[in-house]
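These notes concern the structure reproduced below.
The values are calculated or read from the model by the stated rules, or taken from the named source; none is laboratory data. Remember, it's a predicted structure, so these values are computed and weren't measured experimentally. Cβ: placed from backbone, ideal geometry, glycine included. Neighbour counts: every protein chain shown.
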Amino acid sequence: MRLMIAGGGGFRVPLVYRALCSGPYSGLVSEVVLFDVDGGRLAAIEAVLRSMSSEVSGAPDGGSAVGRSWRPPAVTSTTSLPGALDGTDMVFAAIRPGGTAGRVADERVAQNLGLLGQETTGAGGISYALRSIPAMLELAGSMRTHCPDAWLINFTNPAGMVTQALVPVLGRKVIGICDSASALVHRAARAAGVPLPAGRLDGVGYYGLNHLGWLYRLESGGRDLLPGLLADADALAGFEEGRLFPQPFLRDLGLLPNEYLFYYYEAARAAAGMRAMARTRGESIHGQQAELYPRLATAGDEAYALWEDARRSREEGYLAEARAGGEARHPEDLAGGGYEQVALAVMRALAGDAGADGDAGVDGHARVDGAGAGATELILNTPNSAGQSLALAGGARAAIPGLPADAVVEVPCTVTAEGALPIPQARPAAPQLGLLQQVKKVELLTVRAATAGDRDAALEAFAEHPLVGSAALANALLTGYEGAFPDLPRLWRR
């Protein structure tokens, strides 16, 4: 299989390659093609992969390649999109139009107006989407020309909005991924002592949008263990999401929120924590990468170790605004891995090979029973209606009742060679459904703004977002982002 990574100079690309070189995904891909518009970043990541390959060139530690000839995937790189796409079977997309400097502006424009400054949530997420969506539509159009049968696995943030914009172009051939929901489920299951059934997510209830979802059921032996977990302060203190929110709040809520709901439930605390930091998260990452990438390109055999040190440092700063007094992250949270495991589990299922051993990695569950060999269950971003996802006959039930059938949602899905089929979930209670409906309206307005060049839709999206909620602030935000990103006013004139 030939895998193309759009955004091949991205910082997390080595995580994908490392996963392809060991465990259940070794032998799945024969060639990895790195595409990026920045040749310097490509050279740096190629150096990391060369350095890494010397450490992983031995026999894989279990998985699909055991017992047959195996070698690490060949790596090529290019700044030519047509050349990268020709002959490609699978595309992973993780691009960042505007680079890390763009992230800095996304955060700062909002913070300067007293609002939350975060790259995917609130005003910053809308700004980011207005840049990401046009670029991703160009990629999707090129795929239809150069590799019309290829699947697009979208990591590009904001993942839900970008996937929403791509469905009209690629249909079921696009699937959005994020590791935060899967990580939440697995951390909660460990804390509750629940062995997740091999090949299933039957006992797991999760509904939401990307970066806005809740675990509402965690069954074992026919009994829901989630209420007991939410009432156990010691158990909650043992994992990330349990520490983010006050235990009495979680007990009364009766749900376990995705970590990004910290920005909604604890908005004042989050904004205060960000203001207290010497640099925004974007500024920290921008500074790290500006210094790191030139060093990686010339580091030779030390490039992988240098990258790994930077990765751990980056993980240590994640959600720092939520940790009082400089509290360190739990060692398990620094291990890395997650989103690439979800992506590769999807890829293997789409290829019709969920693994004869039934192992799809820590975030995927291979299923070889009545759902059919090669099926995997994962939490993914896909259209709300099963009929929309797999072009089935009409009358398909929405995965999240109360949201439009064509709305891209984040729910457990069964993945086969035919695509991702969303598994119906319970109807959210009024407070959760109301928030989902409001944010989905914002997402649809943002998609309209980015695809049709509709400035009024962008203004309405800012104003309608629950973390903005003001027409005056919406106007100030859009004016600020237009000043920071010269291509944005040109989008309205397109």
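So the values come out like this:
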{"read-out": "Conditions (1) of a type in the set (Val, Ile, Thr); (2) buried (at least 23 other Cβ atoms within 10 Å of the Cβ); (3) more than 18 Å from Met161 (Cβ to Cβ): number failed by Thr100", "value": "(2)"}
{"read-out": "Failed criterion for Gln437 (all others in (1) farther than 15 Å from Leu113 by Cα; (2) polar (S, T, N, Q); (3) over 23 Å from the mean Cα position of the chain (by Cα) hold)", "value": "(3)"}
{"read-out": "Residue in region 254-268 that is surrounded by the most Cβ atoms within 10 Å (Cβ to Cβ), counting only those that are closer than 28 Å to Glu107 by Cβ and without any contact (Cβ under 8 Å) to a residue 40 or more places away in the chain", "value": "Tyr265"}
{"read-out": "Qualifying residue in region 452-460 (condition: surrounded by 20 or more Cβ atoms within 10 Å (Cβ to Cβ), more than 22 Å from the chain's Cα centre (by Cα) and assigned to a loop (DSSP other than H, G, I, E, B))", "value": "no"}
{"read-out": "Identity of the residue in region 193-224, more than 19 Å from Ala398 (Cβ to Cβ) and modelled with pLDDT of 95 or more, that ends up surrounded by the fewest Cβ atoms within 10 Å (Cβ to Cβ)", "value": "Asp224"}
{"read-out": "Candidates Gln432, Gln425, Gln438, Gln388 - the one that is among the polar types (S, T, N, Q) and modelled with pLDDT under 95", "value": "Gln388"}
{"read-out": "Index of the failed condition, Asp454 passing every other in (1) in contact (Cβ under 8 Å) with a residue 40 or more places away in the chain; (2) in contact with a helix residue (DSSP H, G or I) (Cβ under 7 Å, 6 or more places away or on another chain)", "value": "(1)"}
{"read-out": "Some residue of region 296-306 being more than 25 Å from Ala270 (Cα to Cα), modelled with pLDDT of 85 or more and part of a loop (DSSP other than H, G, I, E, B)", "value": "yes"}
